[in-house]
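Taking it in order: structure first as structure tokens, then the write-up.
Values in this text are rule-based calculations from the coordinates and carry no lab data. Since the model is a prediction, treat every value here as computed from it, not as a measurement. Please note: Cβ atoms are built from the backbone with ideal geometry, for glycine as well, and neighbour counts cover all protein chains shown.
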């Protein structure tokens, strides 16, 4: 049986390992990072587990206590926040965002390969969407490489729409998708 729970600082090593392995990325842009860049990245990962502007949900096998999935999101404001790294939403028209500028950026979605094709990725994304609704956030943003057809299809099934295709921080083509969570 699987158990869904909020991430805690005790999940840092797991989350950091998932992030460093970065299996959805074809280019190893982290290969040339300095120790200072790695430390900044570790702090960003830690903030996903400890800061009010973030949320992390973990799927855990209740019997083995093995973590089998994770979704993380940062809660942002397009009008007020500054971003020290290139972002896909920085290329988007302001009109895509709610009038208050608030949105959630999906930072990480991962499911253990042995548990895939069971709807767990969908369940994790839906939990992050519920968290957005609890916080009154009206839009959720994500991006993936164009080659990740299964991830793009998952997002489309969940009601996301493509708002941009193109490179973000390197030459790799990425698809930016959003889902409007505001009532129609």
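Over the chain, calculate the relative contact order: mean separation of alpha carbon pairs under 8 Å at least 6 apart, over the residue count, as a percent. It would help to have the intermediate numbers written out before the result.
Numbers: 275 pairs, mean separation 34.9, N = 184.
The value is 19 percent.
From the helices alone, meaning DSSP H stretches of at least four residues, give me the mean residue ellipticity at 222 nm for the chain, per-run term -39500 (n - 2.57), in deg cm²/dmol to the nearest 500. Numbers along the way, then the final one.
Working: 4 runs with 51 residues, N = 184.
For the chain, the value works out to -8500 deg cm²/dmol.
Note the full-extension length gain between residue 62 and residue 32 as 0.36 nm times their separation in residues minus their Cα-Cα distance, in nm to one decimal.
Numbers: separation 30, 0.36 × 30 = 10.80 nm, distance 3.85 nm.
Full-extension gain reported as 6.9 nm.
Arranged by the count of other C-beta atoms within 10 angstrom, fewest first, what order do 141, 160 take? Working shown, then result.
On the way: 141 24, 160 21.
Result, fewest neighbours first: 160, 141.
Distance from a point 7 Å along Cα→Cβ of residue 116 to each backbone N in region 131-163: keep the residues under 11 Å and list them by number.
Residues 148-151 qualify, since their backbone N sits under 11 Å from the label point.
Out of the DSSP beta bridges found with both residues in the chain, what percent are antiparallel (nearest 5)? Mind showing how you got there, number by number?
Working: 33 of 35 bridges.
Of those bridges, close to 95 percent are antiparallel.
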